[in-house]
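Heads up, the thing below is written out as structure tokens.
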């Protein structure tokens, strides 16, 4: 059964639009960031971007949830606990809303970022109640889990 929706395929994921970060976040160098919106969900709560950055150091402040996968280049990311993560081609990392991370891009990095506005605590409660009323339990299922039988 088809929903009638068309999937889109992007041939290139090279960011083209300048997307400067807050200058107060920069701690060293002059990193230049670019981004291109690749997709936005129908409900507006999720977006997928191609993003890149030249050499520099900065502290990124996450105002949404973000999952990224590195396509080119590398960076060293230090989380709020002081753990260091070496990101390179193929690396995937998750940043929840509200965290800060120190980035050190030695030369260049290009990534795909899936950004999502998380539900408020009240809306999470509404969703759990609705799921229980629908007989689906209180926890959201993964789209890759088999349905309960």
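Bear in mind these aren't lab numbers, they're just calculated from the coordinates by the rules spelled out. It should be emphasised that the depicted structure is a prediction, and the values quoted were computed from it without experimental measurement. For neighbour counting, all protein chains shown are included, and Cβ atoms are generated from backbone atoms with ideal geometry for every residue, glycine included.
From zero outward in steps of 10 Å, how is the percent of C-alpha pairs of the stretch 17-116 spread across the bins?
Percent of Cα pairs in each bin: 16, 52, 29, 3.
Can you sort 42, 28 so the residue with the fewest Cβ neighbours within 10 Å comes first? Intermediate results must be reported in sequence, preceding the final value.
On the way: 42 7, 28 10.
Ascending number of Cβ neighbours within 10 Å: 42, 28.
Where a ≥ b ≥ c are the square roots of the eigenvalues of the C-alpha gyration tensor, would you call the stretch 21-70 rounded, which needs a/c under 1.5, or, failing that, prolate if a/b is larger than b/c, or oblate? Each step should come with its number before you reach the end.
On the way: a/c = 2.67, a/b = 1.94, b/c = 1.38.
Here the stretch 21-70 falls in the prolate category.
Please work out the FRET efficiency for the pair residue 84 and residue 41, using the Cβ-Cβ distance as r and a Förster radius of 35 Å; give the result to the nearest 0.05.
Values: r = 33 Å, r/R0 = 0.93.
For R0 = 35 Å, the calculated efficiency reads 0.60.
With 10 angstrom as the radius, rank 66, 72 by how many other C-beta atoms surround their C-beta, starting from the fewest.
Numbers: 66 22, 72 13.
Ascending number of Cβ neighbours within 10 Å: 72, 66.
Only counting other Cβ atoms within 10 Å, I'd like 37, 87 sorted with the fewest neighbours first.
In increasing order of surrounding Cβ atoms, one gets 37, 87.
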